[in-house]
Amino acid sequence: WVQEFMVKAMEKVNGFKVEFNYKRPLDSQKIEGIEKLSEYLKIKVERLEKILRYPLKYKPTFKEAVKISILLDVPLHPLYTFWWKNISGEDVKKLIDHLKREAKIEYSNRSFLVKIAKRIEIKNESDIKGVLEELLIPHLVKGDKIVIKYPYSASLLVQLGFLEREPVIGKDGLETVQSVSLVRIRDRAGTYIGARMGRPEKAKIREMKGSPMILFPVGRIEGGRMRNL
């Protein structure tokens, strides 16, 4: 993400330049004209320096991420991108329709490039909660309501086009959400790889008679009823 940020910034901001050297870490790359990039994005030089040089330690705020995405045509930062490939295109439409019908949205009254949703409250329905869980969107359950708070509330509405567009159902949730999103969205996960670890406490269940509360019983004969170790 940060390398694409740099490339797009060099294309759009005259005087900003990064001399890429993949044999050297980002914190020692030569960066010129960062003041011009700061002026273009209205983000402080100190913040840009940290985001560009130490991207795994310093993450942009949601507003900084949206500025970068809209003004430079950079995909939304992974921190605010949800796991859209985990759901189907029909699930995206179902979520949009539910939000249109049920959502109570509290917006910030401060001026910004886009509307900022401080809080979203919707009726708790099991299928909608399941979609939120598959997307890994942090949320709270309060009685019969689901509450999504900032910055995830704001990020969700930006990616759903503020519910103003009708989605074009694609082969998966990612392709579908890209048809309505105000910013470019990339696949958050890429490829999943599953593996079984060699940790004995996480191993598959060992069936035993009784309910011994230990990891390595010595056996029925040796330990008897007490399951001695």
In order through the stretch 3-10: 3J(HN,Hα) via Karplus (6.51 cos²θ - 1.76 cosθ + 1.60), integer Hz, x for Gly, Pro: 5, 5, 4, 5, 5, 5, 5, 5
Using θ = phi - 60° and Karplus 6.51 cos²θ - 1.76 cosθ + 1.60, couplings along the stretch 48-56 (whole Hz; Gly, Pro as x): 4, 4, 5, 5, 6, 8, 10, x, 7
Distant-in-sequence amide H partners of K145 (H built 1.01 Å from N, under 5 Å): N124
Heavy atoms of L41: accessible area, 1.4 Å probe, square angstrom to 10: 0 Å²
Amide proton proximity set for I116, modelled H, under 5 Å, gap of 5+: S108
Accessible area of the chain belonging to carbon and sulfur atoms, whole % at 1.4 Å probe: 51 percent
Isotropically averaged projected area of the stretch 79-170, using the convex hull of Cα atoms (one quarter of hull area), nm²: 5.9 nm²
Straight-distance crosslink candidates among aspartates and glutamates, where the alpha carbon sits under 13 Å from K142 and sequence neighbours closer than 8 are dropped: E121, E125
Most to least accessible of R24, R188, R110 (protein chains only, probe 1.4 Å): R110, R24, R188
Placed amide H near D172: partners under 5 Å, 5+ positions off or other chain: G89
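The values are calculated or read from the model by the stated rules, or taken from the named source; none is laboratory data. Since the model is a prediction, treat every value here as computed from it, not as a measurement. For accessibility, only protein heavy atoms count, side chains too; no ligands or nucleic acids. Shrake-Rupley method; radii C 1.70, N 1.55, O 1.52, S 1.80 Å.
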